[in-house]
Ligand SMILES: *Cc1c(COP(=O)(O)O)cnc(C)c1O
């Protein structure tokens, strides 16, 4: 496990260097959805401090105990967020990568007005225009960013998951271009199969699960 972790880290760092980027400019988010604490612990012990989950309920069940033992651990929500869980998510996570619609912008802004902490927020873009996938349509991005700004939310960057089975490179490049166009510096892109490619194309955070923890059980997905 620790060896696998070291290999993933150094592959991402090497990809960043090859693109003439500082290796520390690409953060590795270890995505722990469906994995239990016994699988997560060795990775914490190997030095990893940044983790991701895609469900509020699962994170709420799993992470408070682990974070009590390792106060330096940060947790990001990398999946979709229901508006009625906005306040809970702001309390539980250090960053939310799935801001993708007006109703969620409003729910987050309201929760913050009512005392929840403002977190690092990234807008998810439906970069391959896939009907079944979350994320704001590319056409809808400017108005969503304007709405977020109007509601007092600071958007730190963009996040996307390219279509399965296609070359992700053009999608990563497009996301990077959209971020530049809007003056956003955060780029959450790249997963187990394409984290190095993403690191070479400007990712500031890559989200890696199975390459660190092994295959997930189907029924838990
Ligand atoms: C599960 C998940 C990941 C990690 O996927 P792997 O293929 O296991 O690396 C990354 N991003 C999101 C949004 C996820 O849901």
Next item on the list: Could you list 108, 50 in order of exposure, starting from the residue whose Cβ has the fewest other Cβ atoms within 10 Å?
Entry: 50, 108
Margin query: Which of 194, 100, 94, 139 has the fewest other C-beta atoms within 10 Å, and how do the rest follow up to the most?
Written below: 139, 94, 194, 100
Next item on the list: Work out how far the C-alpha atoms of the stretch 15-152 reach from end to end along every principal axis, then list the three figures in whole Å, largest first.
Entry: 43, 41, 28
Check: Sorted by average packing, counted as other Cβ atoms within 10 angstrom per residue and highest first, what order do 198-208, 83-93 take?
Finding: 198-208, 83-93
Next item on the list: Sort 51, 213 so the one with the fewest other Cβ atoms within 10 Å of its own Cβ comes first.
Entry: 213, 51
Note to self: Quick check: Cα centre of the stretch 114-162 to Cα centre of the stretch 31-92, how many Å?
What the structure shows: 21
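FYI, it's all coordinate maths here, none of it is from the lab. Bear in mind that the values here come from a model prediction, so they are computed numbers and not experimental data. Here the Cβ is made from the backbone with ideal geometry for all residues, glycine too, and neighbour counts use every protein chain on show.
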